[in-house]
Amino acid sequence: MLKFISSVFPWVCLVIIAIGLVCVVYGCRKWYLLQKEIDEQTHLETLKKRIDAKQLTTSEAVERAIDEVIENNEVNIPTSMNSQKKAIVDAIQIEYQYCDFLKRRLPNKYSIKQNVRIGNSEYDIVAISEKDKTDLLYEIKYWNTPKPMHLLSRVLERIKVAGQNYEDISNRNYRFKLIIISDPEVLSDVRSACERYLAKHDVNFPPFTDIDYFSTKEIH
């Protein structure tokens, strides 16, 4: 009996050691994956807090809307004060309406921030993904007439810079969405003008960027 035990004992030890090594490797892998997930969640929460801290004030958001309205040629100086106010209010309302629309449309795995400054760039909306490392960045334009197409090139150039800025600072991937919103009766003309320009000209189109078109009725 003792001879039998002594003959199988080394093999039993080897089996126990092998099982132990498998458990150690499995445990280390689980720990690594758990630690990686904890680190990512910590980084995500830190990013959210940084963005909250850098949200534009109401006055800064209004100033930005004024600059965009003038750039979009919705207000031609000189013009009446009432026309200026209406164009600015419309631009701000459309942006807030789209943000509410986006909150209804996106799954709950996104944390949506509006009017934020990150580094040297400003963003209409940042949707931080909690399911992966690719966030959504939004530039919203309320264009109610076909614009001079050099304006589209200028917007796309800013998007390229803002996207790279976000990636460098947040250490996360991104997808940029240029949202062009128009009244229903002119949406087709605005979209056609943009698509013709992009088809005919050598535009430096930013990477990871889409252009989506909506009517004002769609986002209500």
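The values are calculated or read from the model by the stated rules, or taken from the named source; none is laboratory data. Given the structure is predicted, the values throughout are model-derived calculations rather than measurements. As a convention, Cβ positions derive from the backbone with ideal geometry for all residues, glycine included, and neighbour counts pool all protein chains shown.
A search for C-beta distances below 7 Å between a residue of region 172-201 that is free of Cβ contacts under 8 Å to residues at least 40 places away in the same chain and any residue that is surrounded by fewer than 18 Cβ atoms within 10 Å (Cβ to Cβ) and among the small types (Gly, Ala, Ser), counting only pairs 6+ apart in sequence or on different chains, returns Asp183/Ser215; Pro184/Ser215; Leu187/Ser215. From the list Asp39, Asp52, the lone residue that is touching a strand residue (DSSP E or B) at 6+ places or on another chain (Cβ under 8 Å) and at pLDDT below 65 is Asp52.
Of the listed requirements (1) surrounded by 20 or more Cβ atoms within 10 Å (Cβ to Cβ); (2) in contact (Cβ under 8 Å) with a residue 60 or more places away in the chain; (3) of a type in the set (A, V, I, L, M, F, W, C), Ile125 misses just one: (2).
Scanning region 121-152 for residues that are among the hydroxyl-bearing types (Ser, Thr, Tyr) and under 16 Å from Ile179 (Cα atoms) returns Tyr123, Tyr138, Tyr142, Thr145.
Beta carbons closer than 8 Å, at least 6 apart along the sequence or on distinct chains, pair a first residue in region 61-80 that is modelled with pLDDT of 75 or more with a second that is assigned to a helix (DSSP H, G or I) and of a type in the set (Gly, Ala, Ser) for Ala65/Ala91; Glu68/Ala91. Count of region 173-214 residues, restricted to those that are among the hydroxyl-bearing types (Ser, Thr, Tyr) and surrounded by fewer than 17 Cβ atoms within 10 Å (Cβ to Cβ), is 2. Residues in region 128-142 that are of a type outside the set (S, T, N, Q), free of Cβ contacts under 8 Å to residues at least 60 places away in the same chain and surrounded by 15 or more Cβ atoms within 10 Å (Cβ to Cβ): Asp135, Leu136, Leu137, Tyr138, Glu139, Ile140. Taken as a whole, region 88-107 holds at least one residue that is modelled with pLDDT under 90 and not in a helix (DSSP H, G or I).
Could you tell me whether Lys131 is more than 12 Å from the chain's Cα centre (by Cα) and over 24 Å from Thr216 (Cβ atoms)? Considered against the rule, which asks whether it is more than 12 Å from the chain's Cα centre (by Cα) and over 24 Å from Thr216 (Cβ atoms), Lys131 comes out as yes. Every listed requirement among (1) touching a Cys at 6+ places or on another chain (Cβ under 8 Å); (2) modelled with pLDDT of 95 or more is met by Met149 save one, (2).
Hey, can you tell me all the residues within region 195-220 that are touching a strand residue (DSSP E or B) at 6+ places or on another chain (Cβ under 7 Å) and within 28 Å of Asn173 (Cβ to Cβ)? Pro206, Phe208, Thr209, Asp210, Ile211, Asp212, Tyr213, Phe214, Ile219, listed by residue number.
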